[in-house]
Amino acid sequence: MSRGRLRTLVWTVCGLAVVVVWVFPVYWMANTAFKPGKDMQTVTPQFWPHHPSVANFRIVVTDPVFWRALRNSAIVTGLTVVAAMVVAFLAALAIARFRFHGRKAFVFAVMIVQMVPLNAVVIPLFLMFNRARLTDTVPGLVLAYLAFAMPFAVWTLRGFLANIPVELEEAAMVDGCGRFSAFIRIVLPLVLPGLVATSVYTMILAWNEFMLTYFLISSPGNYTLPLWLTHFTLGEGTEYGPLMAGSTLIAVPVVAFFMAVQRRVAGGLTAGAVKG
Amino acid sequence: MASTGTTRTADLAGGPPGPSAARPPRRGGRRGGRARLTPYALATPALVVLVGVLGYPMAKLVVLSFQTWGLAQIFNPDAGPSFAGLANYRRIFSDGFFWTVLERTVIVAAAMVVLSMVVGVAVALLMQVVPGWCRWLMTFALVLAWAVPQPVSTEMFAWMTDYNYGVINYLLGIPRHNWYIDNVQGFAVSTAVVVWGAVPLIAITVYAALAQIPRDLIEAARVDGASSPQVFRKVTVPLLRPILLMLSTLSVIWDFQVFTQIWVLRQSNPTKDYFTLGIYSYARAYYSHDYGYASALAVVTVLLLLGVMVVYLRQILRMGEAE
């Protein structure tokens with residue numbers, strides 16, 4: 001009994017160590033963000049802000065490029081989510097509800113995208129977009145994000161759709177529903193959690209994306225938030241106070257949304273992974 | 001997964017292919033030829049995006065790698081690229097720096113993948129044996145870290161390893177330590193950023209998969225006299241194999257082309273001793289405007305990853321069929 005309790009104690013201590021390692025950097029970011037410049041530069045770091053101040057945040061919100069970037073990020077993210085949901089839902093419907101020639105090849109094509117090295121696509125994509133005058137534009141970004149967000153969305157939605165028995169739909173049709181209204185009344189409500197989970201995933205992907213954006217966007221007017229953040233360092237020396245304040249502002253919405261749906265996202269990844 | 005879903009898709013996927021099998025049971029009877037076209041119509045938008053944004057560029061990449069593509073072609077789209085044959089590839093393989101970069105990339109990526117997987121699985125197992133409140137805290141911490149954008153987490157670590165005021169220097173008792181003069185230490189920081197960011201996905205996915213293992217399987221093994229390590233080796237690991245394989249192949253693909261965690265850590269201006277394949281290719285394309293050479297580098301990267309990709313794809317297909 002007491003040996004078991006000791007073991008639990010040891011595991012708990014290890015678990016808490018994990019918590020510290022994964023929370024501390026985030027805490028340190030927020031801690032730094034709330035410190036006035038002088039307090040950041042102490043020999044013994046202050047483990048909590050002794051003189052909390054929002055001066056760093058003020059620097060961020062008075063930067064006009066920040067607001068441009070925020071607007072761009074919001075637009076790109078919104079458009080990507082809507083486009084990805086429509087396109088992926090239709091594709092998932094095809095895979096989950098129909099058998100057709102080339103179904104397997106289609107699934108294969110979708111999944112292959114998941115592992116296409118970004119490095120490999122970015123140069124021709126840049127040259128292609130350059131010719132179509134899509135580099136350094138918001139629509140170009142949406143198109144690029146869409147392609148990279150889709151595989152996961154299709155795969156997850158397919159899982160949700162496959163779990164809805166066709167019989168339910170058919171029963172509704174027997175009861176006098178048309179095909180379309182059966183779909184609206186039966187399938188859509190059941191698949192809604194899947195749509196929410198995938199759209200949050202897509203949202204996070206678009207909100208956080210850095211590498212593609214770095215390649216495709218050049219003028220500050222078209223920066224997204226991650227791009228704005230990294231260009232913040234390019235001045236004379238790194239201003240970590242405002243940088244950490246900006247980082248905090250970028251991370252907050254993602255963390256909030258992610259917390260809300262993480263269970264479903266993880267579930268979508270593992271669906272069908274283990275067969276009992 | 002609900003058993004109804006499993007069996008239904010299972011019999012959908014099976015059966016002989018053919019024109020008659022192209023219709024789902026009972027549906028096509030009423031709608032005839034139109035229903036047969038429906039799945040194609042549904043899949044078309046996705047296909048257009050995939051081919052347009054990924055398929056075509058991939059093909060174009062291969063073509064580019066056999067061409068001379070420089071500033072002249074960027075500024076004057078009418079000036080066609082000239083065919084260069086194998087020149088780009090010959091330049092790569094005769095370039096001593098490429099081999100240095102390749103070796104460095106392999107070592108760094110291997111460290112990142114192994115550490116991410118080992119720590120990720122260990123954390124998942126730990127989550128199983130801690131009390132509920134501790135598990136809740138761990139999930140919270142991991143999800144928090146998972147959600148942090150890569151450029152943000154990289155900047156966090158850059159600040160924590162700052163020469164003068166880095167908190168890690170303070171905690172380790174090495175004030176005024178420059179982590180970036182020696183690229184081994186610099187890559188250690190990069191690896192820390194990558195592992196810190198990758199473990200949440202791995203741990204939470206593996207934990208979710210562990211929770212799906214039927215209790216009776218483990219109990220049956222126990223009843224038969226298996227010890228805990230034996231249960232782990234003989235029951236848990238085989239059942240987790242597909243998901244572990246998927247996570248590790250994806251990690252290899254991601255870490256082999258690591259970019260942000262080095263680029264941002266070195267303030268968007270890495271010196272040559274921080275070049276990995278991804279960064280080298282980027283520098284060749286955007287600084288030297290040597291798109292042909294950079295494309296050939298990317299093709300070589302893909303070829304190097306091909307083996308891993310095949311493993312991943314087979315796993316995906318197997319999972320698709322199992323349902």
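The values are calculated or read from the model by the stated rules, or taken from the named source; none is laboratory data. Note that this is a predicted model, so its numbers are computed, not measured. Glycine also receives a Cβ, built like all others from the backbone with ideal geometry; neighbour counts cover every protein chain displayed. Note: accessible area is taken over every heavy atom of the protein model, side chains too, but ligands, DNA and RNA are not part of it. Shrake-Rupley method; radii C 1.70, N 1.55, O 1.52, S 1.80 Å.
Things to note:
- Built amide H within the under 5 Å cut-off of residue B:67, gap 5+: B:84
- FRET efficiency, residue B:228 to residue A:20 (Cβ-Cβ, R0 25 Å, nearest 0.05): 0.40
- Ordered by 1.4 Å accessible area with all protein chains kept, A:99, A:7, A:133 run largest first as A:133, A:7, A:99.
- Rounded if a/c under 1.5, otherwise prolate or oblate - region B:165-323, Cα gyration tensor axes: oblate
- Area of residue B:272 that stays accessible when all protein chains are in place (1.4 Å probe, Å², to 10): 130 Å²
- Peptide A:85-94, shielding by other chains (average Cβ, 10 Å cutoff): 5
- Stokes-Einstein diffusion coefficient of region A:1-53, Kirkwood radius over Cα pairs, 20 °C, 1.002 mPa s, in µm²/s: 161 µm²/s
- Solvent exposure, largest accessible area first (probe 1.4 Å, DNA, RNA and ligands not counted), of B:37, A:243: B:37, A:243
- Carbon/sulfur fraction of accessible area - region B:222-323, other protein chains in place, 1.4 Å, %: 60 percent
- When chains B and A come together, the accessible area they lose, probed at 1.4 Å and totalled over both chains, is close to 10700 Å².
- Where region A:55-270 is the region considered: accessible area per residue in Å², 1.4 Å probe: 37 Å²
- Taking a ≥ b ≥ c as the square roots of the eigenvalues of the Cα gyration tensor, an a/c ratio of 1.5 or more together with a/b no larger than b/c marks chain A as oblate.
- Magnitude of the charge dipole for the protein assembly as shown, about its Cα centre and with charges confined to Cβ atoms of Lys, Arg (+1) and Asp, Glu (-1), is about 1700 debye.
- Average projected area [Cα convex hull, the protein assembly as shown], square nanometres: 31.7 nm²
- Taken about its Cα centre, chain A carries a charge dipole of about 680 debye when Lys and Arg each add +1 at the Cβ and Asp and Glu each add -1 at the Cβ.
- Phi to ³J(HN,Hα) by Karplus 6.51 cos²θ - 1.76 cosθ + 1.60 over region A:220-227, Hz, x for Gly, Pro: x, x, 10, 4, 9, 4, x, 5
- Chymotrypsin sites (Phe, Trp or Tyr not before Pro) within region B:273-318: DSSP coil, no more than 16 neighbouring Cβ in 10 Å: B:287
- Per-peptide packing, taken as the mean over residues of other Cβ atoms within 10 Å, places A:176-187, A:102-113 in the sequence A:102-113, A:176-187 from highest down.
- Accessible-area composition of chain A, carbon plus sulfur, in percent [1.4 Å probe]: 69 percent
- Mean ellipticity per residue at 222 nm, deg cm²/dmol - from DSSP H runs of n ≥ 4 across the protein assembly as shown, formula -39500 (n - 2.57): -23500 deg cm²/dmol
- Ligands, DNA and RNA aside, residue A:101 has an accessible area near 100 Å² when probed at 1.4 Å.
- Ligands, DNA and RNA excluded, the heavy atoms of residue A:239 present near 110 Å² of accessible surface to a 1.4 Å solvent probe.
- Sequence-distant lysines (8 or more away, or on other chains) whose Cα lies within less than 18 Å of residue B:234: A:275
- A 1.4 Å probe over all protein chains sorts A:127, A:90 by accessible area into A:90, A:127, starting with the largest.
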